[in-house]
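Reviewing the structure listed below.
The values are calculated or read from the model by the stated rules, or taken from the named source; none is laboratory data. Given the structure is predicted, the values throughout are model-derived calculations rather than measurements. Cβ sites come from the backbone with ideal geometry, for glycine too, and all protein chains shown count toward neighbours. Just the protein is used for accessible areas: all its heavy atoms, side chains included, with ligands, DNA and RNA removed. Shrake-Rupley method; radii C 1.70, N 1.55, O 1.52, S 1.80 Å.
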Amino acid sequence: FIRNFGELWKGLYPTLATGGSAIILSTPNGVGNQYHKLWVDAENGSSSFKAIKLPWDVHPERDEKWFENECRNMTKKQIAQELLCDFASSGDTFLNIEEMEKIRVQSRLPIESWGPDKGVWVWKYPIQDHKYILTADVSRGDASDFSTIQVIDTEESEQVLEFKGKIPPDQFGILIYEIGMKYNKALVCPESNSYGYATITKLKDMGYPSLFVADKRFSYAMDVPASKIGFTTNQNTKIQALTKLEEYLRTAKIRIY
């Protein structure tokens, strides 16, 4: 296991330009890390690496009996990592393998993509009289993290739009405004931490009509300060949100595409 592989790779990669070559061999360890990114880029052809997957059954002396015997002494995570070469199920994930498989099966391509770098994916257009909620996770816009948007139809309990991209917080506010207004003035609940304040301020300046306020002492009729708008992400609220999400996915109360 190579610690800080992402930082190390920044120094190693330029040496390949002089004619060198690299073979990177590992079992998966979750998604979102540098090894996973290298794998995804190789698999979709956006890099010069060639993706080769070697699960347990490529070995000529291993059969189902061998596999079943091995699985008796391993956890689901270990099976995914050591035998199945499964990135999604091999990391420390909040959802179990079965729930992630349900999401994978029901995933589908959007009917339209637009916005910055075509990062806005649309699965359903707004329906008159339907109510929508828009949530937004705000990043700085020029680092490794992404800003994201999810729009949920509360009448049908399904995902209708999402965005993932790198965009400055104030410009992100403009994008949220445009999407929110399209979806019947959706209730917008942005993350209020850190860079989220700049996004919320932009939405207030533009006069967005429906912003989530957690403090019940305030109402939309009042001039709500930006500090009272949105959702504060901390250790407690994150666990609450994830727990509720897991419940809704496990009990099929929401459809994610």
Run the 1.4 Å probe and let me know the accessible area of His130, rounded to the nearest 10 Å².
40
Listed here are the pairs Lys50/Lys124; Lys77/Lys166; Lys124/Lys166; Lys164/Lys202; Lys37/Lys202; Lys53/Lys253; which of them are more than 28 Å apart at the Cα?
Lys50/Lys124; Lys77/Lys166; Lys37/Lys202; Lys53/Lys253
Of all accessible heavy-atom area on the chain, the percent that carbon and sulfur account for (1.4 Å)
54
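Counting heavy atoms of the protein chains only and a 1.4 Å probe, report the per residue accessible area for the chain as a whole number of Å². Present the calculation step by step, with values, prior to reporting the outcome.
Details: 16420 Å² over 257 residues.
The answer is 64 Å² per residue.
Select from region 119-203 those GluC sites (Glu not before Pro) which occupy a DSSP coil region and have at most 11 other Cβ atoms within 10 Å, ordered by residue number.
Within region 119-203, the qualifying GluC sites (Glu not before Pro) (loop, at most 11 other Cβ atoms within 10 Å) are Glu155.
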Which helices, taking whole DSSP H runs in the chain, have alpha carbons extending 15 angstrom or more along the helix axis plus mean Kyte-Doolittle at least 0.0?
169-182
Of Pro168, Pro126, Pro14, which is the most mobile in a GNM of the chain whose springs link Cα atoms less than 10 angstrom apart?
Pro14
Can you sort Ile152, Ile167, Ile133 by solvent-accessible area, 1.4 Å probe, largest first?
Ile133, Ile152, Ile167
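Tell me, what is the FRET efficiency for Arg250 and Arg108 to the nearest 0.05, using R0 = 25 angstrom and their Cβ-Cβ distance as r? Display every interim value, and only then the final one.
On the way: r = 21 Å, r/R0 = 0.82.
Given R0 = 25 Å and the Cβ-Cβ separation, E is 0.75.
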